Structure formats: C-alpha cells, structure tokens
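Here the structure is laid out as structure tokens; the discussion comes afterwards.
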Amino acid sequence: MSTKPSQSETETETDTEPATTGHQQRRLDDKRARADDRDEAAAQAQTEFDGETVELKVFRYDPEIAGKEEPRFDTFTVPFETGMTVLDALIFARDSYDSSLTFRHSCRQAVCGSDAFFVNGSQRLGCQTQIEDLEWPVRVEPLPHSDVVKDLVVEMDHFYDQMESVDPFFDPDDLPDGELEEQRQSRQNRENIKLSTRCIWCGACMSSCNIAAGDNKYLGPAAINKAYRFYMDDREGSEKRQERLEIIEQEHGVWRCQTQFSCTDVCPKDIPLTEHIQELKREAVKENLKFW
C-alpha cells in the first residue's frame, strides 16, 4: 500500500521551508490537544457496553498531527446489531469516539461507489458488507495500490484519468431525424451490454489488479469495461468504434490482462470484467485478420 513519504524524506524536504508561524503552531497544538481528548474519551466509552460488541481495527494516518503521521491501527468497540454494515460501524465509531476518523461515503445503497475499502483482506463496499458475514475483529484499510490521503481516503485522480482515457461517451454516425426522436437500441443489444453498464466507479477492481499495481499506464479493468460498454453498443458510430478499439489494444490496454479474475471476484455489482476484457481481445484479433 502506498503512503506519503517517510519521516526522514519529509525532514529533508522541509529543511528549506519557512519556519512555522506562531499562529500555525497554536493551531497545530490545539489540534493535537483535541486529538488527545478524543483518544481519552474513546478509551473510556469503549468499556460502557453491556450487549454484544464487535471490534473494528481501522487503519489511521494523519499527516497533520505530530505522532500520527506514521500509519497505525486504532481499535474501536462498537455495539453490534443484526443488519449492521461495515459503514454503519465506521459511522458509529466516528460519531461516538473520534470525529477525526475520515472516510468517504454518500448514498449508503451501493450506488455511489464512494465507500470502497479493504475489509478483512478483500476489496468491498462498506455499505454493502454485513458485519455478521465477516470474521471478527473486523480489519478495515484503505484500498491497496493507491496513495493514502488520510485514514481510509485514497487518491482517486489516477483512476478517474484512466476512465476518461477511453472516451466514455457516444459518437454515432447519424442522429435521429426528429428533434425529440431517441437513439434506438435493439432489445438484444441492450441485454448483451446490460451488465457492463452497472459500473459505479468504486475502484475496487483496479485496486485488486496485480497488473495495475505494477503498471501505472495500464488502463485497468474498470476503464476497459467502460470501453466495452460503448464499443459493443450498436448505436456507436463506426469511426468512433475503430478509434476506441485502437485505444484498448495499445501496449497498456487489453493485452496486459493476465486473466487472473481478481477484478471479477471483488466487483460489488457482479460485472464479469474478465470476460469483457477477453471479448475485446477477440474483437481486436478479428479486426486485424486479413484474408486475401
């Protein structure tokens, strides 16, 4: 898992920076004091439950707090109830113990894709993962192979850049004649690409891919699936289809996939990502075959 530079590297880089002002120092001191108060309150609160509880071991990293800039794990004791998800437990820990605990979440319905974590050694959506289905204690970490910004929040810019690189939009040859006429698609074609449209851009597949971990230029399973979604759509224009095929069959495209199925295994929307990659490989081969 990638994190920020080591302490020795940071000290070398900051030797030439201006000295901290009095106002900045007071701000940092206040922040440290609040953090210490939260730790003390959390330790006291975690002994007050009578019912069944579950322990969360949560990855922590805060580059702005002295003594907490080194990665570590904090343990939170959370009262368990049937139906509780990992996201529910994290929200309880944040609201009850430590308001500085940082993670992304939004819809809580497995649609937004913002709460992908590394839970008990596997990429999962926090809002979709039931606590009772996991081994306890539950270990929650940020997605591997991404730079950690703070706690469970990772940098997603590279993932978004890869998604945009496959031109995820339609470019048909002809538009409908009527102003309000829709761009029609056959029922069979819709059925063929239906699963590929379910992607929620969570990044779990990219995080699980060993090829993406070693090749920063590899498009990755999510981006290739997005290319599949448009390439296989019969409304796509022939010229754009050819351009898209050239994008995905480049050196860091579909041919880098080693068919490990890790992306398919962790996809929270059950998209057959590996199968889609293999279909695009076949399309690339057919396009390059010449008979004369």
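Quick check: with the 1.4 Å probe, what order do L175, L289 take by accessible area, largest first?
Descending order: L175, L289.
Rounded to two decimals, what is Rg over Rh for the chain when you use alpha-carbon atoms and the Kirkwood radius? Intermediate values should be presented prior to the final figure.
Values: Rg = 23.4 Å, Rh = 21.9 Å.
Across the chain, the Cα-based Rg/Rh ratio is 1.07.
Kindly report, to the nearest 10 Å², the accessible surface of R190 as traced by a 1.4 Å probe over protein heavy atoms only.
Approximately 100 Å² of R190 is accessible to the 1.4 Å probe.
Among 150-158, 75-83, what's the highest-first ranking by average C-beta atoms within 10 angstrom per residue?
Going from most to least packed, we get 150-158, 75-83.
Just to confirm the filter: which GluC sites (Glu not before Pro) across the stretch 232-275 are DSSP coil and have at most 10 other Cβ within 10 angstrom of their Cβ? Please list the in-between numbers first.
Working: sites: E236, E239, E243, E246, E249, E251, E275; in loops: E236, E249, E251.
Hits after loop and neighbour filter: E251.
Mind grabbing the accessible area of W136 for me, 1.4 Å probe, Å², rounded to tens?
Looks like 100 Å² after rounding.
With springs connecting C-alpha atoms under 10 Å apart, model the chain as a Gaussian network and identify which of P142, P176, P272 has the largest mean-square fluctuation.
Fluctuation is largest for P176.
How large is the charge dipole for the stretch 161-244, taken about the Cα centre, if only the Cβ atoms of Lys, Arg (+1) and Asp, Glu (-1) carry charge, to the nearest 20 debye?
Value, rounded to 20: 620 debye.
Excluding ligands and nucleic acids, what accessible area in Å² is computed for D74 using a 1.4 Å probe, to the nearest 10?
We get 30 Å² for D74.
Whole-Hz Karplus ³J(HN,Hα) for the stretch 131-140, in order, using 6.51 cos²θ - 1.76 cosθ + 1.60 and θ = phi - 60°, x for Gly and Pro?
These are the phi-based 3J(HN,Hα) values: 4, 5, 8, 10, 6, 9, x, 8, 9, 10 Hz.
With charges set only on the Cβ (+1 for Lys and Arg, -1 for Asp and Glu), what does the dipole of the stretch 41-199 come to about its Cα centre, in debye to the nearest 20?
That gives a dipole near 480 debye.
The values are calculated or read from the model by the stated rules, or taken from the named source; none is laboratory data. The model shown is predicted, which means the values in this text are computed figures rather than measured ones. Glycine gets a Cβ as well: all are built from the backbone with ideal geometry, and neighbour counts include every protein chain shown. Remember, those area values only see protein heavy atoms, side chains included, never the ligands or the DNA or RNA. Shrake-Rupley method; radii C 1.70, N 1.55, O 1.52, S 1.80 Å.
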